[in-house]
Amino acid sequence: MKVAVCVKQISDPSEAQTIDPTSMCLNRGAKAILDDSDAYGVEIALRLAEVAGGAEVVLISMAPNQEVQGVRTGLAMGATSAVVVSDPQLAGADALTTAKVLASVVKRIDADLVIAATESTDGYTGTVPAQVAALLGWPALTFAKQIELRGSTLSIQRQTEDGYDVVEADLPGVVSVTAGVVEPRYPSFKGIMSAKSKPVEQLSLGDLGLSVAIDEKVLAVNDAEARTAGQIVEDDGSAEAEIMNYLAQIKVL
Amino acid sequence: MITNCVILAEPQGTGIAPVALELATLARGISEQVTAVVFDVDAQAAAETLAVYGVTSVVSLGDTSSHLPGVPVADAMREVVDRVGANAVFVAQSYTGRDVLARLSVLLDAPVLTNAVNVREDDGGLVVENLVFGGEKVVSSKITAPIQLIAIRPKSVAAEAAPSATQPSVTEQSVSANSQANRAVIVSSHVEERQGPKLDEAEVVVSGGRGLGNADNYRYIEELANLLHGATGASRAIVDAGWVPYAYQVGQTGKTVKPNLYLAVGISGATQHMVGMKGAKNIIAINKDKDAPILQIADLGVVGDAQKLLPRLIEAIRQKTGA
């Protein structure tokens, strides 16, 4: 079995984020990291691979530049190899374009199962996994909070508005996982060292026989209406009184 | 010019979800014809509700509940889009909405814009607004393809009845379950009992974060919410840590809430969280760190240790209400 995990390399969200006024794209920081959301997908894939008796786990990623720093984190966790599609034309790529690139890589590496996060931390469109599935003609088992593989049958607990559904499908398929689904492992020292020599294949759009036309554009980025700070008090052992007053004022109590 | 808009009125309980009325309100403001697609509900009853919000026709797909809705509903919507000559499709930014929109985008080979908080007409096209950086910035975008596929965050626009109700036609359309992609079968459904109102409809929301110290202390959040007749929410950090399920998450990747009161306990206010709650009418925040960003948007900020303050607050409310 071969498991492809879609991963995104993003600018560290804990650092200040800015938008380039000309390209209207998010400025990429000096350091790209593996999106936290994707660590869950990598962890799930590694566990499923163990259960399946040593399946290959291939990280697939897309970036406008030749970025691999974030992918190395996933390799350090234990993934077998990675494929990164880089092309300047992919700057500002929308979700469908991204899905076309990823689906094309899935076909190229002949994976049976694709795992992805529900949405990225920076762009958060939230449609890429189901778009990849649709492009491949596979079922999309989305918003999984638990996932199991029995033989060639996938079984997930899919988050719903008021609980969860148990959803099943035979492979091949695409699964999107919510955060919190498992505790991602930290890369070990040995893992970090071995990640440096794991294969990372760099592809261009041409290598995949793809050309892209991005059919959406950002027109403007403006300040939103701001909220201002109100009263701030220190809890000296009686701050509950302040809160009670406020609750009475707004007639909650 | 948008002349024909198709909206997905997804089911919730025995009727259609409240967000469908928000979609209808938005759609009728920019489009003369509004077609609502419904499934797994009583179509006549749904049409009566949608008529109040100006929907001009209703297409019912019948019962699709044995399969995940993404594939069959998108396939049917594609036919609806072709038949009525739609140039815009609105869905909710929900589990179902996103799955349907994703597949529809592949079927129509058209891009999507999601997380919209507003859609307005401009120069014959649509401008879609969404929030980034925790709601500090509004990004206005435009789709240059012939059809506009847009997911709108619930609670972004208020549902308002149309000046006069319509009399929508109701047509049935069958869905085909034969496609290769439609192999995802729902084996069973489980409702997780949660007391009190729904998170996105509650007048009071009490949310907890890492500052609670440990998962066990989330019981204070539940108790407070119970006393204030509110719903419980959570930051992404404690959802990621497995303290509470994903359904509790408030924020960019979770639910948007607009309650009368939002009480944030031990939540620092990462941009990810703020975008989901800054529309609350009143915000009270309790945080140990006086520099926590959440205190910058709170109407009342308390700098203190939640583990010590919450038991006293709970006791004070009990005394006052006799609960």
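Being without any contact (Cβ under 8 Å) to a residue 60 or more places away in the chain, of a type outside the set (Val, Ile, Thr), surrounded by 15 or more Cβ atoms within 10 Å (Cβ to Cβ) and in the same structural domain as B:GLY97 (by TED's automatic domain parsing): is that true of B:SER164 here? Walk me through it before giving the result.
On the way: without any contact (Cβ under 8 Å) to a residue 60 or more places away in the chain: yes; of a type outside the set (Val, Ile, Thr): yes; surrounded by 15 or more Cβ atoms within 10 Å (Cβ to Cβ): no; in the same structural domain as B:GLY97 (by TED's automatic domain parsing): yes.
It is false that B:SER164 is without any contact (Cβ under 8 Å) to a residue 60 or more places away in the chain, of a type outside the set (Val, Ile, Thr), surrounded by 15 or more Cβ atoms within 10 Å (Cβ to Cβ) and in the same structural domain as B:GLY97 (by TED's automatic domain parsing).
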Any hit, region A:8-19, residues being hydroxyl-bearing (Ser, Thr, Tyr) and within 29 Å of A:ARG150 (Cβ to Cβ): no
In region B:108-138, the residues that are part of a helix (DSSP H, G or I) and more than 7 Å from every other protein chain (Cβ to nearest Cβ): B:LEU108, B:GLY134
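Is it the case that A:SER152 is open to solvent by 50 Å² or more (accessible area, probe 1.4 Å), within 23 Å of A:GLY41 (Cβ to Cβ), in contact with a strand residue (DSSP E or B) (Cβ under 9 Å, 6 or more places away or on another chain) and of a type in the set (Gly, Ala, Ser)?
Details: open to solvent by 50 Å² or more (accessible area, probe 1.4 Å): yes; within 23 Å of A:GLY41 (Cβ to Cβ): yes; in contact with a strand residue (DSSP E or B) (Cβ under 9 Å, 6 or more places away or on another chain): yes; of a type in the set (Gly, Ala, Ser): yes.
For A:SER152, the condition - open to solvent by 50 Å² or more (accessible area, probe 1.4 Å), within 23 Å of A:GLY41 (Cβ to Cβ), in contact with a strand residue (DSSP E or B) (Cβ under 9 Å, 6 or more places away or on another chain) and of a type in the set (Gly, Ala, Ser) - is met.
Every residue, every condition in (1) on the phi < 0 side of the Ramachandran plot; (2) at the interface with another protein chain (Cβ under 10 Å from one of its Cβ atoms); (3) open to solvent by 20 Å² or more (accessible area, probe 1.4 Å), yes or no:
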| site | (1), (2), (3) |
| --- | --- |
| B:SER140 | yes, yes, no |
| B:THR144 | yes, yes, yes |
| B:GLN148 | yes, yes, no |
| B:LYS155 | no, no, yes |
| B:GLU160 | yes, no, yes |
| B:VAL170 | yes, no, yes |
| B:ALA181 | yes, yes, no |
| B:VAL187 | yes, yes, yes |
Members of region A:165-209 that are surrounded by 16 or more Cβ atoms within 10 Å (Cβ to Cβ), charged (D, E, K, R) and over 30 Å from A:GLY137 (Cβ atoms): A:LYS198
Flag if B:SER105 is within 27 Å of B:ALA76 (Cβ to Cβ) and without any contact (Cβ under 8 Å) to a residue 12 or more places away in the chain: no
Among (1) under 26 Å from B:VAL71 (Cα atoms); (2) open to solvent by less than 50 Å² (accessible area, probe 1.4 Å); (3) more than 7 Å from chain A (Cβ to nearest Cβ); (4) modelled with pLDDT of 95 or more - the single one B:VAL175 does not satisfy: (4)
Odd one out for A:ILE10 among (1) farther than 26 Å from B:THR271 by Cβ; (2) assigned to a strand (DSSP E or B): (1)
Region A:158-194, subset under 17 Å from B:PRO69 (Cβ atoms) and among the polar types (S, T, N, Q), residue modelled with the highest pLDDT: A:SER176
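Within region A:18-45, work out how many residues are assigned to a loop (DSSP other than H, G, I, E, B) and surrounded by fewer than 19 Cβ atoms within 10 Å (Cβ to Cβ).
The number of residues fulfilling the criteria is 12.
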Residue in region B:281-294 that is within 20 Å of the chain's Cα centre (by Cα), under 23 Å from B:ALA92 (Cβ atoms) and open to solvent by less than 10 Å² (accessible area, probe 1.4 Å) present: no
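Condition check ((1) open to solvent by less than 40 Å² (accessible area, probe 1.4 Å); (2) touching a residue at least 12 places away in the same chain (Cβ under 8 Å); (3) of a type outside the set (Gly, Ala, Ser)) across all residues:
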{"position": "A:LEU75", "(1), (2), (3)": "yes, yes, yes"}
{"position": "A:GLY78", "(1), (2), (3)": "yes, yes, no"}
{"position": "A:VAL85", "(1), (2), (3)": "yes, yes, yes"}
{"position": "A:ALA95", "(1), (2), (3)": "yes, yes, no"}
{"position": "A:THR98", "(1), (2), (3)": "yes, yes, yes"}
{"position": "A:ASP112", "(1), (2), (3)": "no, yes, yes"}
{"position": "A:THR121", "(1), (2), (3)": "yes, yes, yes"}
{"position": "A:TYR124", "(1), (2), (3)": "yes, no, yes"}
Verdict on A:ARG185 being more than 9 Å from chain B (Cβ to nearest Cβ) and without any contact (Cβ under 8 Å) to a residue 24 or more places away in the chain: no
Strands (runs of 3 or more DSSP E) contained entirely in region B:233-323, each with at least 3 residues that are facing chain A (nearest Cβ under 10 Å), more than 26 Å from A:PRO184 (Cβ to Cβ) and in contact with a strand residue (DSSP E or B) (Cβ under 9 Å, 6 or more places away or on another chain): B:282-287, B:300-303
Looking only at region B:189-209, and only at residues there that are in a strand (DSSP E or B) and open to solvent by 40 Å² or more (accessible area, probe 1.4 Å), the one that is farthest from B:VAL250 (Cα to Cα): B:SER189
Inter-residue pairs, beta-carbon under 8 Å, first within 11 Å of chain A (Cβ to nearest Cβ) and open to solvent by less than 40 Å² (accessible area, probe 1.4 Å) and in region B:51-76, second in a helix (DSSP H, G or I) and basic (Lys, Arg), 6+ apart: B:GLY70/B:ARG103; B:VAL71/B:ARG103; B:ALA74/B:ARG103; B:ASP75/B:ARG103
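The values are calculated or read from the model by the stated rules, or taken from the named source; none is laboratory data. Being a predicted model, the structure only gives us computed values, none of them experimental. All Cβ positions, glycine included, derive from the backbone under ideal geometry; neighbour counts span all protein chains shown. For accessibility, only protein heavy atoms count, side chains too; no ligands or nucleic acids. Shrake-Rupley method; radii C 1.70, N 1.55, O 1.52, S 1.80 Å.
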